[in-house]
Amino acid sequence: MCGICAIAGGHSERTSAVIEAMTRSLRHRGPDTQTYRQLPGVDLGHTRLSIIDLAGGEQPMADESGRFWIVFNGEIYNYVELRAELAREGARFHTRSDTEVILAAFAHWGAAGLQRLRGMYAFVIWDTQARRLFAARDLFGEKPLYYATAADGALVLGSEIKAIVRSGLVQPRLDRTTIDAYLCLGYVPPDRTVYENVHTLTPGHYLEWDADRGVRLTRYWKPVAAKQSWTVEDAGEQLRALLQQAVRRQMVADVPVGAFLSGGHDSSTIVALMQSESTRPVQTFSVGFGEYIDERPYARAVAERYGTDHHEIDLGAPPVAELLARMVEVYDEPFMDPSHIPTYLICEYARRHVKVALSGDGADELFGGYAWYPLLAQSVKASGAWPVWLLSRSLSRLLRDRVTTLTRYSQAQALARRWSDPWDRYVHHRFGVTRAERKALWGTDAATYFPPSYHAPDSDTHGMDRVLHFDLSCFLPGDILVKVDRAAMAHGLETRAPFLDRDVVEFALSLPAELKVKSAHTKVLFKTALQRYWPPALHNRKKQGFAAPYREWLGRPDMQALQARIFAPGSALRQLLPHIPTSIVSQRNYLAWNLLTLGLWLERHASAVAIDPPRGIGVAA
């Protein structure tokens, strides 16, 4: 796990100070070593968190021929098998690192080698002969990679946007459509950034660049629901086998490996499988918020059953205002998911004991775990007034507390009348701030509004799979994985997600929807197949989710003072959104938290981002 950066092309007389500054800005991602190298046509930088081959895995690294150079962030879990296969084809290796295996795979198979990788990764490879750059990112974007084109034509890349900004070669420009998307979703979508001229390499894509043709993007993987016929027994057996394989792969490391343990079904399953692979107690980590949210008793039950070396902390009332200011630095872009604070703190705590921690991320999106899925699953089959009632129930639970029951019902009726497709209904009530509310905040039709057709599934995706598509393709890579990566890497902690192993993912995509969500039941197959790993206290436990008490936080004195500053007349937030209601300071709801986190980000980045008046772009349909 590392940080990477690169500059390809542009002025040949550029000094090493530029790539050195970029590399230094990522040292939190790789606290063990920070190195860079200038080659003809490219500068490469790398910060290393040493996990595998502690002595021999230094980067930038060249292949045996010296033609290809790489900087790599992530882990390839099946690198031992790939190494053996490539050795049979004549490749020779001089280290025990997975980095050298990627180089050999690229030299042998080219871009087709991506189909063989099982891991999380973002890497850049420079071809010294062709003067061509190749970069790739894993299936769901567990590892980040951003790029931009400088005024002199150079391609600038980095694991985080801060590295691109630190280069001094790119002046970022605020993207109003992305700001609207943030208001809508609570996070920046996984195929956009908050800047017009800085881009993210979208998950499941690779990038090719040379000075003549510029950037070319290719999608090499997408979540296709390739259905197969499964019996519950056969599917359960297959799920257990694939998860065991994934956990075994992801426990490979030359440093201590632990696990986050919330006491939920997902993390408890991972811990159970980890302990079955280990001859010593696995180190597990849990967090609570005292009277507000406390899952630690459930986590203890799992820890006791498997005899783990368990660690827990009660965050009580953390310094939220101070931590929110820190999150602006950690995340580079606006990010409102309040669970990033406990994630940041548990990662800091875990890093005192281990360098690697496994998590249960991805299980809900793959196996149908969220509480709103059953309501939408029923509405897929229903007709007439029935979906209206179900949608009313759904909206009653999901919309903010300030909305009255009558308003919820009216909105449900409108949804059912206007959007008959289950994906449309889901996406429109999944959005946190409605289009009408956002239009009122902008106060002008000149803002570019985030389109409701965003991330629509293919036409050959049907029924409940259309509902699941958005969370798998947008929410997981845009919110969950960004939250964990930045929070963990801020402390030099590597996190791994066995449920996102490609073999597990493609198995989950092969399952019929009724093995995920059926009637009022979520994770149908998941629970049937895996409940053997849970102590009795967890068998009937309802999903809680890894959350934070942000409504209570908003009422604290330190937060009230923060809101008064951020929402004050003339603030950066009010320059951008001139029609924010004055009552927002006293509100304790989703909208207040969303705007507060955006305002903090704008305040911090005001010197780098000019907030110009709207430029007269028409409203998107």
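Taking one equal scatterer on every alpha-carbon of segment 166-300, how large is log10 of I(q)/I(0) by Debye at q = 0.09, 0.18, 0.20, 0.21 1/Å?
-0.56, -1.09, -1.12, -1.15
So, for segment 455-583, what is the accessible surface per residue at a probe of 1.4 Å, expressed in square angstrom? Mind dumping the intermediate values first?
On the way: 4740 Å² over 129 residues.
Solvent-accessible surface per residue comes out at 37 Å².
Once each part is reduced to its C-alpha centroid, what is the distance from segment 79-113 to segment 579-609 in angstrom?
Between the Cα centre of segment 79-113 and that of segment 579-609, the gap is 49 Å.
Run the numbers on segment 222-381 and let me know its relative contact order in percent, using alpha-carbon pairs under 8 Å that are six or more apart. Don't jump to the answer; show the numbers that get you there.
Values: 159 pairs, mean separation 39.7, N = 160.
Answer for segment 222-381 is 25 percent.
Between W553, F507, T495, whose Cα lies farthest towards the positive end of the dipole of segment 465-573 when Lys and Arg beta carbons carry +1 and Asp and Glu beta carbons carry -1, centred on the Cα centre?
After comparing all options, I get W553.
Within the set K143/K227; K143/K439; K143/K527; K162/K227, which residue pairs have Cα atoms separated by over 31 Å?
In this structure, K143/K439; K162/K227 exceed 31 Å between Cα atoms.
Using +1 at the Cβ of each Lys and Arg and -1 at the Cβ of each Asp and Glu in the chain, identify which of I161, P190, Q575 lies farthest towards the dipole's positive end.
It is Q575.
Counting alpha carbon pairs within less than 8 Å and at least 6 residues apart, what relative contact order, in whole percent, applies to the chain? Intermediate results must be reported in sequence, preceding the final value.
Values: 1162 pairs, mean separation 97.2, N = 621.
The normalised contact order for the chain reaches 16 percent.
Give me the percent of the accessible area of the chain that comes from carbon and sulfur atoms, probe 1.4 Å, all protein chains in place.
Working: 11750 of 23610 Å².
The C+S portion of the solvent-accessible surface of the chain is 50 percent.
Calculate, for segment 27-164, the solvent-accessible area per residue in square angstrom, rolling a 1.4 angstrom probe over the heavy atoms of the protein chains.
Numbers: 4650 Å² over 138 residues.
In whole numbers, segment 27-164 has 34 Å² accessible per residue.
When the helix-only estimate is applied to the chain (DSSP H runs of n ≥ 4, each -39,500 (n - 2.57), divided by the residue count), what is the mean residue ellipticity at 222 nm, nearest 500 deg cm²/dmol?
Numbers: 25 runs with 243 residues, N = 621.
One gets -11500 deg cm²/dmol as the mean residue ellipticity at 222 nm.
Over the Cα atoms of the chain, each weighted equally, I'd like the Debye log10 I(q)/I(0) at q = 0.08, 0.10, 0.11, 0.12 Å⁻¹, rounded to two decimals.
Ignoring solvent entirely, the Cα scatterers give -0.57, -0.92, -1.14, -1.37.
For segment 334-379, what is the accessible area per residue in Å² when the probe is 1.4 Å? It would help to have the intermediate numbers written out before the result.
On the way: 920 Å² over 46 residues.
Per-residue accessible area for segment 334-379 comes out at 20 Å².
About its Cα centre, how strong a charge dipole does the chain have in debye, to the nearest 20, once Lys and Arg get +1 and Asp and Glu get -1 at the Cβ?
On the way: 71 positive and 68 negative charges, 283 e Å.
Value, rounded to 20: 1360 debye.
The values are calculated or read from the model by the stated rules, or taken from the named source; none is laboratory data. Remember, predicted model here, so these are calculated numbers, not experimental data. Backbone-built Cβ (ideal geometry, glycine too); neighbour counts: all protein chains shown. Only protein heavy atoms, including side chains, enter the accessible area calculation; ligands, DNA and RNA are left aside. Shrake-Rupley method; radii C 1.70, N 1.55, O 1.52, S 1.80 Å.
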